[in-house]
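Following: one structure in structure tokens, then a few remarks.
The values are calculated or read from the model by the stated rules, or taken from the named source; none is laboratory data. Because the structure is predicted, anything quoted here is derived from the model rather than measured. Every residue, glycine among them, receives a Cβ derived from its backbone with ideal geometry; neighbour counts consider all protein chains shown.
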Amino acid sequence: MSKNLNLYIIDTSSLIQIKDHYDRRILPGIWKDLEQLIIDQRLIAPEEVKNEILYGDDSLVPWVQKHVRMFYPNGDLIGLTQSVVLKEFPRLAKEDSEKPNADPFVVALALMISQGPQQSLISFNPIVVSDENRLGHN
């Protein structure tokens, strides 16, 4: 019998919201929990999330650079992003922008994990963590 664990796929918007509302000096426990989830490989994000944070030069940059192991390579997701995600959800595309756009990669990573073959005795329930709303604004 396999064990089911939640696997959190986090978007840029949620990382920024956590940073903005839960200061590490005041609530260090939340940040320790996030770090433990990363160590346990249960908090992940596509590499495009890292690219968005680096592009925006957010104060999260040092934290992101310290936790590079949480970021899944974009190259493995590009085909799924283009062939499935953007066809099904074309509003996720931001073609008029040169800025990184993690949203379709977040969805692609969740699809890949939920539809791919089980790789170990532990199966994961992918949960997308995002602060986006229906209009694409947080």
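So here's what we get for this one:
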{"item": "Qualifying position, being closer than 25 Å to ASN125 by Cβ, free of Cβ contacts under 8 Å to residues at least 24 places away in the same chain and crowded, with 17+ Cβ neighbours inside 10 Å, among LEU37, LEU43, LEU86, LEU80", "result": "LEU86"}
{"item": "Residue count, the range 65-75 (criterion: among the aliphatic types (A, V, I, L, M) and either more than 15 Å from ASP11 (Cβ to Cβ) or at pLDDT below 95 (or both))", "result": "1"}
{"item": "Hits in the range 12-34 - residues which are in contact (Cβ under 8 Å) with a residue 40 or more places away in the chain and among the charged types (D, E, K, R)", "result": "LYS19"}
{"item": "All positions within the range 1-60 that are over 18 Å from the mean Cα position of the chain (by Cα) and among the polar types (S, T, N, Q)", "result": "SER2, ASN4"}
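Residue by residue, here is whether (1) touching a strand residue (DSSP E or B) at 6+ places or on another chain (Cβ under 9 Å); (2) assigned to a helix (DSSP H, G or I) holds:
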{"residue": "LEU7", "(1), (2)": "yes, no"}
{"residue": "ILE26", "(1), (2)": "no, no"}
{"residue": "ILE30", "(1), (2)": "no, yes"}
{"residue": "LEU86", "(1), (2)": "no, yes"}
{"residue": "LYS94", "(1), (2)": "no, no"}
